[in-house]
Amino acid sequence: MAQTISVTGAVELAVVVRSGFVESRHAGAAVVLDPEGAVALRLGDIETPILPRSSLKPLQALGCLTAGAPLDGERLALATASHAGTDRHVAVVRDILDAAGLDESALQCPASWPGDAATRDELVRELGQPSRIRMNCSGKHAAMLLACTTNGWDIATYLDPQHPLQVHIREVIERLTGAKVAATAVDGCGAPVHAMSLAALARAAHRIGTSSERSPFALHRLAGTLVRAVRENPWAIDGPGRPDTIAIERLGVFAKGGAEGVMIMSAPNGAAVALKVLDGSGRATTAIALALLERVGALDSADVAQAMTELPLTVTGGGKDVGLIRPTG
């Protein structure tokens, strides 16, 4: 059976401090690449494969783009998103489906309540139900369907790993990572998710983050367009007050978290980080990524410190703030 990083291959990446007592420790692995793509910092085992989960979405969105899907602006940002399911998010997903000549019944992601609490509460008051379009991966699925209708590919089987779109996406992923896919699994939304090392994932994040819309190569031109779309629409990739959106808005990074404690992030100067928290918790991943980019000089310390105050890192007790989740070292 294929396996991810072992406990012995992990190092401490963050701690949870309650009333001055270190209550929990998050161990994992991480790699930071400098603006030229060389390894600037290596923590733990960065060669054993991981499942990137939603941190793979920018690569999958580029697969849809290079397959001809007409995506830009908010629609392209939603294609990379793990969105909060607000009405604004849903409106853009419907716009993508309209472009494909489809409605939400074509989506094959599971039905879900929105992640945004206010939106969920409003739906409950209106006696609404979980729906596929509210699921956080619906933008990715809508983009895949648009790529299919653009090429005349079957939409009923668009999640099959052997479907022409999924074969194409896998090829794009291997071009960006510079490595063959180590294994393929089924993601939480039903789409294929491909295993790769943190080193390979960081290479992809670096290549996307340093791509130019003026590149002579189509893949890099489209990657530059994707990064611009996300930076211009940070609300779309996550949601107001949520970690990815905060990091993008405050620091101009390109960030994409994934389930089970995965994160990729690239700084404006081109430095990039990929990390995996071994216990699967994502509560510290944004803070860890920012701290690592700060550590190699890619982000300003004062700017990072300010952004940290806006992230959900506070530990409470009795209704009061009594501690903090903080990156180690």
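What the table shows:
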{"quantity": "Residue match in the range 298-319 (condition: surrounded by 24 or more Cβ atoms within 10 Å (Cβ to Cβ), over 19 Å from Ile5 (Cα atoms) and modelled with pLDDT of 95 or more)", "calculated": "yes"}
{"quantity": "Residue within the range 121-139 that is among the polar types (S, T, N, Q), outside any helix (DSSP H, G or I) and either modelled with pLDDT under 95 or under 19 Å from Arg242 (Cα atoms) (or both) present", "calculated": "yes"}
{"quantity": "Residue match in the range 302-322 (condition: under 17 Å from the mean Cα position of the chain (by Cα) and at positive phi)", "calculated": "no"}
{"quantity": "Looking only at the range 147-179, and only at residues there that are more than 25 Å from Arg207 (Cα to Cα) and of a type in the set (A, V, I, L, M), the one that is nearest to the chain's Cα centre (by Cα)", "calculated": "Leu159"}
{"quantity": "Close pairs from the range 117-137: first at negative phi and charged (D, E, K, R), partner outside any loop (DSSP other than H, G, I, E, B) and surrounded by 14 or more Cβ atoms within 10 Å (Cβ to Cβ), Cβ under 6 Å, at least 6 apart", "calculated": "Arg132/Glu104; Arg134/Ser112"}
{"quantity": "Subset of the range 298-329 that is of a type in the set (Ser, Thr, Tyr) and without any contact (Cβ under 8 Å) to a residue 40 or more places away in the chain - its residue that is farthest from Arg18 (Cα to Cα)", "calculated": "Ser301"}
{"quantity": "Val172 part of a helix (DSSP H, G or I), within 23 Å of Cys109 (Cβ to Cβ) and at pLDDT 95 or above", "calculated": "yes"}
{"quantity": "Condition check for Ile237: buried (at least 23 other Cβ atoms within 10 Å of the Cβ), in contact with a helix residue (DSSP H, G or I) (Cβ under 6 Å, 6 or more places away or on another chain), of a type in the set (Val, Ile, Thr) and within 22 Å of Ala284 (Cα to Cα)", "calculated": "yes"}
{"quantity": "Some residue of the range 140-150 being of a type in the set (Ser, Thr, Tyr), assigned to a helix (DSSP H, G or I) and in contact (Cβ under 8 Å) with a residue 60 or more places away in the chain", "calculated": "yes"}
{"quantity": "Among the residues listed as Ala30, Ala40, Ala2, the single one being among the hydrophobic types (A, V, I, L, M, F, W, C), part of a loop (DSSP other than H, G, I, E, B), touching a residue at least 12 places away in the same chain (Cβ under 8 Å) and out of contact with any Lys or Arg (no Cβ under 6 Å at 6 or more places or on another chain)", "calculated": "Ala2"}
{"quantity": "Matching entry among Arg203, Arg214, Arg250, Arg207 (being within 14 Å of Pro52 (Cβ to Cβ), among the charged types (D, E, K, R) and touching a helix residue (DSSP H, G or I) at 6+ places or on another chain (Cβ under 8 Å))", "calculated": "Arg203"}
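The values are calculated or read from the model by the stated rules, or taken from the named source; none is laboratory data. Just so we're clear, the structure is a prediction, and the values are computed from it rather than from any experiment. Cβ atoms come from the backbone with ideal geometry, glycine included; neighbour counts cover every protein chain shown.
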